[in-house]
Amino acid sequence: MMKSKTERLIEKITERSRGSLLPREPIHKDQIGPRRPDHRCFVNALKGHGDLVTALCFSSDGRELVTGCADGVVRVFKLDNVQSSSFKFVKIPIPAGGQPTAVAFADEASSVVVAAQYSSGSNLYKYGEGESNTTKHKNHEQPKPSVPELKWVRMKVHQTRAIVTLAGTTASYDTAGGSPLIVSCSEGSDIILWNGKSGKILGTTETNQLENSIATISPNGRYIAAAAASSADVKIWEIIFTKTGSVKEITGVMQLKGHESAVTWLCFSSNSEQIISASKDGTIRIWNIDVRYDFHQEPQILKVFPIPLHDLKGDILHYEHLDISPDGTILAASHGPILQWLCAETGKVLDTHYEAHAEKITAIAWAPKKLRVGRDHKMVLATAGADERVKLWVVPVDPPLEVASVVQTNGRGTFQSPP
């Protein structure tokens with residue numbers, strides 16, 4: 001029996017998040033090493049999701065975390081203290097029939113842009129803070145939280161193609177003057193730059209590849225970087241601003257060449273001067289892009305690390321997600337349900353959690369600033385999974401481990417090799 005177009009689209013989105021190797025049934029204890037139910041880096045979990053979590057993003061101050069879920073609801077959590085026993089959050093239901101595929105903060109912490117996939121195509125929704133009910137309250141009563149309001153909607157922004165990544169920033173480079181920018185990347189080859197406040201299209205570009213993997217924007221709003229499943233290169237465009245701060249054009253300026261196989265993920269450093277990329281060739285590369293490309297200076301490879309994660313045959317398992325801490329010292333990366341922390345200076349493993357999630361990790365992100373954890377303030381990592389969980393972690397404090405991690409792949413999942 002032929003499946004409808006809607007059913008095929010929903011399956012495609014779900015497969016991107018779940019992965020095909022992960023088991024739905026419980027893992028037998030003999031298939032893994034000793035369990036670590038309370039990993040030393042684990043701090044807390046955000047509850048309330050009714051299906052696989054497809055995306056997450058921190059606000060610019062780190063105090064809010066937005067998540068997209070296949071149950072059709074976007075949630076915005078308040079992270080006043082990461083060790084809290086419970087967290088306040090606001091639900092934003094997506095119009096019926098849509099699945100959130102990506103989320104990003106727009107012009108302010110309370111403004112969220114959501115990408116949702118429908119049978120007719122990809123829509124973008126911006127939700128902002130509505131008017132809180134501050135009237136008719138007695139002095140001892142707290143006003144009710146404001147209900148997010150729909151500020152704008154853009155329909156079929158990438159025709160019928162799904163949006164695979166969404167990234168936002170407040171531009172500070174050159175004459176940008178705090179312009180809120182959003183970059184949407186389709187599963188095809190097109191990338192669109194949006195004004196996060198008005199929803200106006202500021203420019204478009206193409207990777208000219210068969211299928212995009214990721215596109216992101218530098219924190220200062222100067223560059224867009226993208227990778228495709230069919231290419232070993234990373235393409236970089238510069239956003240050119242006019243003297244009045246509006247976007248004049250998006251122009252290709254650099255390509256990062258050096259990987260021998262497809263780039264699976266990439267991210268910018270917090271100062272926008274470096275790009276970190278992971279590839280199926282089994283390496284992580286750190287690139288210096290703070291060069292005078294207009295004087296024919298090429299981007300420089302600063303470091304090359306082997307990915308320290310192997311199966312029993314010795315084959316390297318590539319990273320599916322990667323992010324660097326705001327101080328530039330620690331890389332967090334994932335493969336399936338496995339989460340690793342690496343020293344960004346040496347590439348050595350700081351720690352590995354083989355069952356960070358019960359199923360595939362679908363997204364990871366560092367809070368851009370230290371958050372309150374108990375009485376201290378620490379760097380915090382958030383991960384989302386197909387197990388309907390969002391988890392919060394702190395950085396390892398012990399010296400780096402010297403041995404690479406070996407995991408067993410049995411065709412159903414990826415597990416730690418027994419000692």
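The values are calculated or read from the model by the stated rules, or taken from the named source; none is laboratory data. For clarity, every value in this text was computed on a predicted model and none was experimentally measured. Positions of Cβ are backbone-derived with ideal geometry, glycine not excepted, and every protein chain shown enters the neighbour counts. Only protein heavy atoms, including side chains, enter the accessible area calculation; ligands, DNA and RNA are left aside. Shrake-Rupley method; radii C 1.70, N 1.55, O 1.52, S 1.80 Å.
Tabulated values for the structure
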item	result
Filter result for G48 (in a loop (DSSP other than H, G, I, E, B) and open to solvent by less than 10 Å² (accessible area, probe 1.4 Å))	no
Residue, least open to solvent (accessible area, probe 1.4 Å), within region 238-277, restricted to residues that are of a type in the set (D, E, K, R) and within 12 Å of S218 (Cα to Cα)	E238
Number of the condition not met by A225 [criteria: (1) assigned to a strand (DSSP E or B); (2) among the small types (G, A, S); (3) open to solvent by 30 Å² or more (accessible area, probe 1.4 Å)]	(3)
Residues within region 376-409 that are part of a loop (DSSP other than H, G, I, E, B), at pLDDT below 95 and either at positive phi or open to solvent by 20 Å² or more (accessible area, probe 1.4 Å) (or both), tallied	8
Enumeration of residues in region 347-375 that are over 22 Å from C57 (Cα atoms) and assigned to a strand (DSSP E or B)	V349, L350, D351, T352
Residue, farthest from the chain's Cα centre (by Cα), within region 348-393, restricted to residues that are closer than 22 Å to F268 by Cβ and of a type in the set (F, W, Y)	W393
Matching strands (runs of 3 or more DSSP E) fully within region 286-346 where at least 2 residues are over 23 Å from A225 (Cα atoms) and open to solvent by less than 60 Å² (accessible area, probe 1.4 Å)	338-343
Some residue of region 107-127 being assigned to a loop (DSSP other than H, G, I, E, B), open to solvent by 40 Å² or more (accessible area, probe 1.4 Å) and more than 22 Å from A167 (Cα to Cα)	yes
Residue list for region 347-363, restricted to those being open to solvent by 30 Å² or more (accessible area, probe 1.4 Å) and not charged (D, E, K, R)	Y354, A358
Hits in region 158-215 (condition: in contact with an Asp or Glu (Cβ under 9 Å, 6 or more places away or on another chain), more than 18 Å from D107 (Cβ to Cβ) and in contact (Cβ under 8 Å) with a residue 60 or more places away in the chain)	A162, I163, V164
Flag if A232 is in a loop (DSSP other than H, G, I, E, B), hydrophobic (A, V, I, L, M, F, W, C), open to solvent by less than 40 Å² (accessible area, probe 1.4 Å) and closer than 29 Å to G336 by Cα	yes
Residue in region 256-263 that is of a type in the set (D, E), farther than 22 Å from W152 by Cβ and assigned to a strand (DSSP E or B) present	no
Selection within region 71-87 - within 22 Å of the chain's Cα centre (by Cα), part of a loop (DSSP other than H, G, I, E, B) and either β-branched (V, I, T) or exposed (fewer than 14 other Cβ atoms within 10 Å of the Cβ) (or both)	D80, V82
